[in-house]
1. Here is a list: A118, A46. Which entry is of a type outside the set (F, W, Y) and free of Cβ contacts under 8 Å to residues at least 24 places away in the same chain?
2. Out of all the residues in the range 186-234, which are in a loop (DSSP other than H, G, I, E, B), closer than 26 Å to N268 by Cα and among the aliphatic types (A, V, I, L, M)?
3. Tally up the residues in the range 243-268 that are of a type outside the set (S, T, Y), loosely packed, with under 14 Cβ neighbours inside 10 Å and either more than 22 Å from V61 (Cβ to Cβ) or in contact (Cβ under 8 Å) with a residue 12 or more places away in the chain (or both), please.
4. Quick test of your reading of the structure: G174 fulfils all but one of (1) within 24 Å of Y52 (Cα to Cα); (2) without any contact (Cβ under 8 Å) to a residue 40 or more places away in the chain; (3) in a loop (DSSP other than H, G, I, E, B). Name the failing condition by number.
5. Kindly establish whether R215 is surrounded by fewer than 15 Cβ atoms within 10 Å (Cβ to Cβ) and either more than 19 Å from W256 (Cα to Cα) or within 15 Å of the chain's Cα centre (by Cα) (or both).
6. Take the residues in the range 65-86 that are at pLDDT below 90 and in a helix (DSSP H, G or I); name whichever of them is surrounded by the most Cβ atoms within 10 Å (Cβ to Cβ).
7. Under 6 Å between Cβ atoms, at least 6 apart or on separate chains: pull out the pairs that start in the range 103-115 with a residue that is of a type outside the set (A, V, I, L, M) and end on any residue that is at pLDDT below 90.
8. Given the conditions (1) modelled with pLDDT under 90; (2) within 24 Å of the chain's Cα centre (by Cα); (3) not hydrophobic (A, V, I, L, M, F, W, C), and given that D89 satisfies all but one, which numbered condition is not satisfied?
Amino acid sequence: MIQKNCLVKNSVVASKYSLLLAIVVLAFGRGIAQNAEKDSVALNKAIERAQYYLNSEETEVDLQSLFLYQYVQRKFKLKPISEEKWEQDISTDHIFYPFLRLVDGVEPSVDSTIFSKAGSAIDQVTLRSIYCDRYPLPNSFLDTLKAASEKGKYSLTHALWSLQLIQENGCLKGFQGEKKVADEIARKVSNMVNEASFKNDIAIEGICFLYGMNRTDLINPSWINIIIGHQSSDGGFYRTAKNSMTNSKTTVLALWCMLEYKTGGSVNEPWIH
């Protein structure tokens, strides 16, 4: 009889604990759902404000920002930026003229001298990647990318971007160890972003290019929340923590990252059509 009573008592206690545990789990689940909903609202609001900033008459959008925006616009089916923003001189001798190939439907009239005329060493690397289907890459190009990545900053992020461009252009045939090089550079970019307490222009660019290479495994979702937290009251984003004015390029990059996060990095769109 005593044993039977103990079993009944233990069963009742177990049931109470099971019920309590179920209540705790349910409450925790609701808390997670509410937080997720709040994060989603904040994300959508930040995206909307960034778009408003870029289309505002008061915002000056430079050519580099326009090139980036037209890609983001095409990828995520956004509203085109106002035509007035495109009324800028892009003559054949302009430093950005060869990059017009990144603009949908444009094929610049260039020759191989564009590489020697590039504004910087990393611009030369990027241009070789953009035009690698027309002008074959040197056999040492992967070593060039590795060397560029060692320099850090924009050389590092553009080395990763160049790999995406090369892949899209089908120019990796014949290269040995390209997957290893791509992984090494992607991990360097991820580490660089992680170490940046303030997600500045370089860090945000790095996140965008990680999404471009489908390396969502190297992206920490908390980075996006940090970026949203840096948004200015005018809807724009600051190039660095020291800047007092928002920047159009950084804002385009932030918009790009937020849209990638919203869609889970599932939207694929080539740079060159």
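1. Exactly one of A118, A46 is of a type outside the set (F, W, Y) and free of Cβ contacts under 8 Å to residues at least 24 places away in the same chain, namely A118.
2. Within the range 186-234, M213, I219 meet the criteria.
3. Total meeting the criteria: 3.
4. (1)
5. So R215 fails the test.
6. The residue in question is K85.
7. Close Cβ pairs satisfying both conditions: D104/H273.
8. Single failed check for D89: (2).
The values are calculated or read from the model by the stated rules, or taken from the named source; none is laboratory data. Remember, predicted model here, so these are calculated numbers, not experimental data. Backbone-built Cβ (ideal geometry, glycine too); neighbour counts: all protein chains shown.
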